[in-house]
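Derivation of every value follows stated rules applied to the coordinates shown; laboratory data play no part. Quick caveat, the model's predicted, so the values are computed rather than measured. Neighbour counts are summed over all protein chains in view; Cβ atoms, including those assigned to glycine, are modelled from backbone coordinates with ideal geometry.
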Ligand code: G3H
Ligand code: 13P
Ligand code: NA
Ligand code: ZN
């Protein structure tokens, strides 16, 4: 059944686990997440970015997620809008039937320029007001995602302008977080601790100076009753990179967020963990391998099946690792 995110995160806090929030764009990804959740009896957060709504189209995204609710009536499911850039976009998602929205006021509507604290409070408070009236959950973000190594926001190809974000905006300040939560009344807070979107997060296995799990603990100590959210939390498994490289892909050396670090963060209030890239890597590796080994095949279902299976496997792993097993 479709539930609010608040319901799921409150339960996760009571029981001390975290819920992976998987980005979905198409049928196979929705099926993969649902099959994984069903196998381990886990609650589900399906999230759609602006890019997902543009790729699939609003009606397709809406009905793909509603199809998941219908096909798995016993699984509690949140339909979440990822990185809403304006209150109007959040209102549009609510009109479409989303049960949870993210107002990302850490950036201006261009999605690039860091916003002021006052701007962020203003737009987030607006979204809380229009959402809570209709039982929709709100995630806000304070601090900008980006690499403490380079100051980069994170790029698809690992090539980007360095030093666009200053050090202070790359780490959420605990005192500001407390003010922000109080001023907005939001349900969940995304924090910046050195992670970034995409495959190119760290140039080496991250240590505490570039992945600040200690900051999670400081924020949680200041606002123990606020659900925390980690974005950019793909682990970028080396074995998936290897499969992609082995079958003709070109991916540079790179490292993600180790699962053990996420497990540590879950002990300190992190309840929602955003994952997109790991699913992309799993599907791409599986498709490359299948087509390489079966050059005569041309039925899309034949190569989408191993892609869907690989996505399911990674989702199931994360459900188990974050403690979701049996929590649905
Ligand atoms: O916010 C980042 C997610 O990975 C979504 O990516 O905007 O390419 O759909 P996207
Ligand atoms: P990854 O790129 O690490 O999967 O992060 C996804 C995310 O944060 C979506 O909002
Ligand atoms: Na989100
Ligand atoms: Zn994100």
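So if R0 is 35 Å, what FRET efficiency would residue 300 and residue 254 give, r being the distance between their Cβ atoms, rounded to the nearest 0.05? Let's see the in-between values first.
Numbers: r = 29 Å, r/R0 = 0.84.
So, using R0 = 35 Å, E works out to roughly 0.75.
Given the convex hull over the Cα atoms of segment 221-289, what projected area results after averaging over all orientations, in nm²?
Details: hull surface 20.0 nm².
That works out to 5.0 nm², a quarter of the Cα hull's surface.
In the chain, what percentage of the DSSP-assigned beta bridges are antiparallel, given to the nearest 5?
10 percent
What translational D, rounded to a whole number of µm²/s, comes out for segment 102-158 from Stokes-Einstein when the hydrodynamic radius is the Kirkwood one over Cα pairs, at 20 °C and 1.002 mPa s? Could the numbers behind the result be given before it?
Values: Rh = 12.5 Å.
Approximately 171 µm²/s, per Stokes-Einstein.
Find the relative contact order for the chain and round it to a whole percent, using C-alpha pairs within less than 8 Å whose residues are 6+ positions apart.
Relative contact order comes out at 21 percent.
Looking at the P(r) of segment 189-232, how many percent of alpha-carbon pairs lie beyond 16 Å?
39 percent
Can you give the log10 of the normalised intensity I(q)/I(0) at q = 0.08, 0.13, 0.14 Å⁻¹, computed with Debye over equal Cα scatterers of segment 5-321?
With one equal scatterer per Cα and no solvent, log10 I(q)/I(0) is -0.33, -0.92, -1.08.
Return the FRET efficiency for the residue pair residue 222, residue 129: r is the Cβ-Cβ distance, R0 is 22 Å, and the value is rounded to the nearest 0.05.
After rounding to 0.05, the efficiency reads 0.35.
Take the Cβ-Cβ distance between residue 267 and residue 207 as r, set R0 to 22 Å, and report the resulting FRET efficiency rounded to the nearest 0.05.
Efficiency at R0 = 22 Å is approximately 0.70.
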